[in-house]
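Trainee: Here's a structure for you.
The values are calculated or read from the model by the stated rules, or taken from the named source; none is laboratory data. Only a predicted model underlies this, so the values are computations on that prediction, with no experimental measurement involved. Here the Cβ positions follow ideal geometry from the backbone for every residue, glycine too, while neighbour counts run over all protein chains shown. Each accessible area value is taken on the protein alone, full model and side chains, heavy atoms only, with ligands, DNA and RNA left out. Shrake-Rupley method; radii C 1.70, N 1.55, O 1.52, S 1.80 Å.
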Amino acid sequence: MCGIVAACFKKGDVVPTLVEGLRCLEYRGYDSAGLAVLASGLPVRKAKGRVQDLAALLEEDPVPHSSVGIAHTRWATHGVPSKVNSHPHRSGSVVLVHNGILENFEELKESFLEGGTEFVSETDSEVWASLLDHELTKIRAEAPLDSLGVMKALNRAMAKAKGSFGLAILVEDLPGRIFFARHESPLVLGISDKGHYVASDVQAVLKETHDFIYLLEGNCGWIDDSSYQVFDRDLHPIEAKVEHLDWDAESVGKSGYDHFMLKEIEEQGIVLANTLSSTTSSKDRILPDFQVSEDTLRSFDRIVIVACGTALHAGRLGRFILEEAAGIPVDVDFASEFRYRNPLVGERDLILAISQSGETADTLGAVKVAREKGATAVAICNVRGSSLCRLVADTILTQCGPEIGVASTKAFTAQVLAIHLFAMRVGMARRQMGEEELLRRLNVLRASRTAIETLLSSEVRSHIAEVAKKYAYKSVYFFLGRGPDYPIAMEGALKLKEISYLHAEGYPAGEMKHGPLALVSEDMVVVALAGQGETYDKVLGNMQEVKTRGAKLVVLTNTEKKEAIELADDVILVPRTDPLVAPLLHVIPLQYLAYYVALERGCEIDKPRNLAKSVTVE
Ligand code: M6R
């Protein structure tokens with residue numbers, strides 16, 4: 001995790017851009033932050049805490065004016081969050097910021113200690129600085145150091161480093177250039193008339209440029225104020241492709257909302273409209289840009305979905321959607337488990353990886369394992385050019401714009417929609433579905449915008465805020481659902497535990513009597529999904545079981561379900577819709593519920609403790 005932003009400008013002070021870039025990257029890590037600029041002695045400033053703490057420090061103790069600098073916001077892996085462990089780290093002539101993990105740092109550190117190197121922090125990243133400095137010393141012994149010499153040293157260090165890294169580096173005797181390298185940690189270059197940038201993702205500099213180079217595995221190189229050079233892992237110079245990104249710079253701001261999470265919840269109506277319009281042609285052709293042929297789509301015996309967290313819940317709902325629409329068996333697995341059980345996959349399997357960021361290490365690892373075993377992989381992903389997009393045969397890009405709140409909300413909606421579209425495409429290819437049914441489904445999806453907007457209305461929101469207030473200090477939450485509502489129950493529980501730190505579980509309603517019923521007490525809140533559908537009567541029975549044992553019952557249902565309404569302590573009404581989209585709608589009130597419980601409890605909603613948005617470590 002961690003966020004890197006670095007820039008070389010032709011003129012002007014780089015510090016405001018670095019601090020603003022860190023603010024945009026704070027979702028990647030937020031326990032400490034620091035920066036270094038190109039000035040005499042490569043001055044460094046670091047602060048434990050948030051980027052605002054670094055900004056305050058810079059007011060008190062400014063660095064000299066400089067147009068070149070590197071900066072970092074940290075999510076601790078090795079060493080506690082502290083000033084000394086925060087980046088940049090220095091060794092000899094090298095000052096660097098690192099995202100990733102140096103797996104063999106202990107072994108390397110041992111050998112450097114024996115050689116007399118001193119370390120001040122507990123981090124693996126300081127060892128990276130030392131590793132590079134040692135290689136630079138050897139190069140300097142061969143010839144005067146120039147940029148190519150730095151690349152040679154960096155290349156040698158990369159060969160010795162095990163693990164993942166995104167790096168931005170200043171070298172004291174080569175001023176004016178920032179060197180970079182990436183392996184299994186994302187890094188992009190930004191290109192503008194003002195200068196050049198290196199960043200962990202585009203959001204860091206979206207206010208400055210929309211032109212990016214998405215670096216590939218093993219790429220390294222340098223930027224200066226007027227040029228850049230990218231090399232492959234064999235140090236051959238490469239022509240990197242500059243891609244224009246049309247994301248709105250405002251989308252990385254809060255647009256007047258108190259929290260990104262609330263803003264992102266409320267964008268879900270637009271996300272639906274954008275996703276549908278960008279993934280269907282004017283003639284209602286579904287996913288016109290998706291490159292995997294109909295013949296190929298017909299050739300699989302099974303689809304295996306791999307993902308983590310919220311994306312996994314989208315996949316679990318996706319299983320219902322795909323099996324029903326395309327008549328193909330679907331398995332769903334935690335990406336983090338899949339790779340460690342020698343999965344039985346092969347040529348007749350299609351792997352569908354789902355990820356908002358496209359950088360989740362577990363998901364990437366699962367796809368790699370499946371591909372090694374001969375499976376074809378495709379993805380649903382929100383970030384063009386991400387590591388996941390590069391790994392798979394083709395990607396359905398979700399159109400929800402940058403998602404910044406650590407709790408994923410609008411990405412879930414976009415992922416479920418993408419699965420619907422993919423299911424229609426596979427259903428057509430496998431002749432499970434005709435034109436007429438396809439058009440019907442498309443119309444249902446389009447029409448669901450009205451129901452989404454109803455759920456996003458201020459009346460619904462204030463009602464859920466009241467319910468949240470009432471139960472914010474209960475200690476246990478169970479979210480119950482059956483069928484396609486079960487993944488929604490799991491997602492509701494994940495949202496709540498993630499941002500309010502309450503114990504919450506998503507459970508299949510029918511399973512309560514097989515154990516968890518023993519837990520029910522007056523301190524438990526049960527949120528039951530009792531909408532339409534064939535399982536309604538069964539869920540009603542399960543609601544009675546918990547109610548008679550004293551749990552507080554919050555029920556999501558529609559006006560027609562009188563028995564559910566009577567049984568409930570509190571009701572959240574959802575519009576009655578086609579069953580195809582009902583589960584997707586049910587997630588919205590649960591997102592609001594989590595948000596308002598967290599707000600009531602005074603939690604840090606966009607940056608929950610111990611978490612980060614993009615989980616690039618296993
Ligand atoms: O970027 P990804 O979709 O691959 O991320 C997967 C999970 O880490 C993510 O969904 C996580 O569970 C969210 N914080 C949940 O809100």
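Trainee: Looking at region 105-122, which of the residues that are out of contact with any Asp or Glu (no Cβ under 9 Å at 6 or more places or on another chain) and not in a helix (DSSP H, G or I) is surrounded by the most Cβ atoms within 10 Å (Cβ to Cβ)?
Mentor: Residue satisfying both the conditions and the ranking: S121.
Trainee: For region 306-319, state whether one or more residues are more than 19 Å from T360 (Cβ to Cβ) and surrounded by 15 or more Cβ atoms within 10 Å (Cβ to Cβ).
Mentor: Kept after step one, since they are more than 19 Å from T360 (Cβ to Cβ), are these residues of region 306-319: 319.
When the remaining residues are screened for being surrounded by 15 or more Cβ atoms within 10 Å (Cβ to Cβ), the result is 319.
So far as region 306-319 goes, yes, one or more of its residues are more than 19 Å from T360 (Cβ to Cβ) and surrounded by 15 or more Cβ atoms within 10 Å (Cβ to Cβ).
Trainee: Considering each of G427, G405 in turn, give the residue that is among the small types (G, A, S) and within 16 Å of the chain's Cα centre (by Cα). Spell out how you get there, then give the answer.
Mentor: Numbers: G427 fails: within 16 Å of the chain's Cα centre (by Cα).
Answer to the check: G405.
Matching residues to (1) closer than 30 Å to Y228 by Cα; (2) away from the ligand (no atom under 16 Å from the Cβ); (3) surrounded by 13 or more Cβ atoms within 10 Å (Cβ to Cβ):
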| site | (1), (2), (3) |
| --- | --- |
| K241 | yes, yes, no |
| H244 | yes, yes, no |
| V271 | no, no, yes |
| S281 | no, yes, no |
| V292 | no, yes, yes |
| D301 | no, yes, no |
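Trainee: Another one. Hey, among G69, G79, G29, which residue is without any contact (Cβ under 8 Å) to a residue 60 or more places away in the chain and either more than 26 Å from the chain's Cα centre (by Cα) or farther than 26 Å from G12 by Cα (or both)? First the steps, then the outcome.
Mentor: On the way: G69 fails: without any contact (Cβ under 8 Å) to a residue 60 or more places away in the chain; G29 fails: without any contact (Cβ under 8 Å) to a residue 60 or more places away in the chain.
Of the residues listed, the single one that is without any contact (Cβ under 8 Å) to a residue 60 or more places away in the chain and either more than 26 Å from the chain's Cα centre (by Cα) or farther than 26 Å from G12 by Cα (or both) is G79.
Trainee: Separate question: Going by the structure shown, is E359 more than 16 Å from the ligand (Cβ to nearest atom) and either touching an Asp or Glu at 6+ places or on another chain (Cβ under 7 Å) or in a loop (DSSP other than H, G, I, E, B) (or both)?
Mentor: Working: more than 16 Å from the ligand (Cβ to nearest atom): no; either touching an Asp or Glu at 6+ places or on another chain (Cβ under 7 Å) or in a loop (DSSP other than H, G, I, E, B) (or both): yes.
The answer is no for E359.
Trainee: Going by what's in this entry, would V581 be described as out of contact with any strand residue (DSSP E or B) (no Cβ under 8 Å at 6 or more places or on another chain) and surrounded by fewer than 24 Cβ atoms within 10 Å (Cβ to Cβ)?
Mentor: On the way: out of contact with any strand residue (DSSP E or B) (no Cβ under 8 Å at 6 or more places or on another chain): yes; surrounded by fewer than 24 Cβ atoms within 10 Å (Cβ to Cβ): yes.
Yes; evaluated as a whole, the condition is true for this residue.
Trainee: Another one. Could you list, in sequence order, all residues of region 36-67 that are among the basic types (K, R), modelled with pLDDT of 95 or more and part of a loop (DSSP other than H, G, I, E, B)? Walk me through it before giving the result.
Mentor: First, pick out the residues of region 36-67 that are among the basic types (K, R): 45-46, 48, 50.
When the remaining residues are screened for being modelled with pLDDT of 95 or more, the result is 45-46.
Answer for region 36-67, where residues must be among the basic types (K, R), modelled with pLDDT of 95 or more and part of a loop (DSSP other than H, G, I, E, B): there is none.
Trainee: Only one residue in I605, I572 is open to solvent by less than 10 Å² (accessible area, probe 1.4 Å) and in a loop (DSSP other than H, G, I, E, B). Which one?
Mentor: Working: I572 fails: in a loop (DSSP other than H, G, I, E, B).
None of the others qualify; the one that does is I605.
Trainee: Taking only region 204-260 into account, find how many residues are acidic (D, E) and in contact with a strand residue (DSSP E or B) (Cβ under 9 Å, 6 or more places away or on another chain).
Mentor: Taking region 204-260 first, the residues acidic (D, E) are 208, 211, 217, 224-225, 232, 234, 239, 243, 246, 248, 250, 258.
If we keep only those that are in contact with a strand residue (DSSP E or B) (Cβ under 9 Å, 6 or more places away or on another chain) too, we end up with 208, 211, 217, 224-225, 232, 239, 243.
Of the residues in that region, 8 qualify.
Trainee: Do we have V546 as among the hydrophobic types (A, V, I, L, M, F, W, C) and either surrounded by fewer than 19 Cβ atoms within 10 Å (Cβ to Cβ) or under 23 Å from L317 (Cα atoms) (or both) here? Before the answer, list the steps.
Mentor: Values: among the hydrophobic types (A, V, I, L, M, F, W, C): yes; either surrounded by fewer than 19 Cβ atoms within 10 Å (Cβ to Cβ) or under 23 Å from L317 (Cα atoms) (or both): no.
Against the criterion (among the hydrophobic types (A, V, I, L, M, F, W, C) and either surrounded by fewer than 19 Cβ atoms within 10 Å (Cβ to Cβ) or under 23 Å from L317 (Cα atoms) (or both)), V546 does not qualify.
Trainee: Among (1) more than 14 Å from the ligand (Cβ to nearest atom); (2) of a type in the set (A, V, I, L, M, F, W, C); (3) surrounded by fewer than 24 Cβ atoms within 10 Å (Cβ to Cβ), which single condition is L417 missing?
Mentor: (3)
Trainee: Would you check which residues across region 230-261 are part of a strand (DSSP E or B) and either in contact (Cβ under 8 Å) with a residue 12 or more places away in the chain or in contact with a Cys (Cβ under 8 Å, 6 or more places away or on another chain) (or both) and list them?
Mentor: Step one: filter region 230-261 for residues part of a strand (DSSP E or B), giving 230-231, 237-238, 243-244.
Listed by number, the residues that qualify are V230, F231, I238, E243, H244.
Trainee: Let me ask something else about it. Does region 320-356 hold any residues that are of a type in the set (S, T, Y), open to solvent by 20 Å² or more (accessible area, probe 1.4 Å) and not in a loop (DSSP other than H, G, I, E, B), and which are they?
Mentor: Applying the first criterion (of a type in the set (S, T, Y)) to region 320-356 yields 336, 340, 355.
Then drop every residue that is not open to solvent by 20 Å² or more (accessible area, probe 1.4 Å), which leaves 336, 340.
Passing the criteria: only S336.
Trainee: Filter region 16-42 down to residues that are of a type in the set (S, T, N, Q) and buried (at least 21 other Cβ atoms within 10 Å of the Cβ), then give me how many there are. Full working, then the answer.
Mentor: Of region 16-42, the ones of a type in the set (S, T, N, Q) are 17, 32, 40.
Next, from what is left, pick out any that are buried (at least 21 other Cβ atoms within 10 Å of the Cβ): 17, 32.
Final tally of qualifying residues: 2.
Trainee: Just one of K474, K497 is within 16 Å of the ligand (Cβ to nearest atom) and charged (D, E, K, R); which is it?
Mentor: Matching residue, one of K474, K497: K497.
Trainee: Of the numbered conditions (1) modelled with pLDDT under 95; (2) within 26 Å of V188 (Cα to Cα); (3) open to solvent by 40 Å² or more (accessible area, probe 1.4 Å), R90 satisfies every one except a single condition; which is it?
Mentor: Evaluating R90 over (1) modelled with pLDDT under 95; (2) within 26 Å of V188 (Cα to Cα); (3) open to solvent by 40 Å² or more (accessible area, probe 1.4 Å) leaves (1) as the failure.
Trainee: Can you find a residue that is of a type outside the set (D, E, K, R), crowded, with 19+ Cβ neighbours inside 10 Å and more than 16 Å from K547 (Cβ to Cβ) anywhere in region 516-525? Even if it seems obvious, please write down each step before you answer.
Mentor: So the first thing to find is which residues in region 516-525 are of a type outside the set (D, E, K, R), and the list is 516-521, 524-525.
Within this subset, residues satisfying the condition of being crowded, with 19+ Cβ neighbours inside 10 Å are 520, 524-525.
This time we only want the ones that are more than 16 Å from K547 (Cβ to Cβ), so: none.
Among the residues of region 516-525, not one is of a type outside the set (D, E, K, R), crowded, with 19+ Cβ neighbours inside 10 Å and more than 16 Å from K547 (Cβ to Cβ), which makes the answer no.
Trainee: Filter region 382-404 down to residues that are within 13 Å of the ligand (Cβ to nearest atom) and either in contact with a Ser or Thr (Cβ under 8 Å, 6 or more places away or on another chain) or of a type in the set (F, W, Y) (or both), then give me how many there are.
Mentor: Residues meeting the conditions: 9.
Trainee: Could you go through region 299-308 and let me know if any residue there is of a type outside the set (A, V, I, L, M), in contact with a strand residue (DSSP E or B) (Cβ under 7 Å, 6 or more places away or on another chain) and not in a loop (DSSP other than H, G, I, E, B).
Mentor: Looking for residues that are of a type outside the set (A, V, I, L, M), in contact with a strand residue (DSSP E or B) (Cβ under 7 Å, 6 or more places away or on another chain) and not in a loop (DSSP other than H, G, I, E, B), one finds at least one in region 299-308, hence yes.
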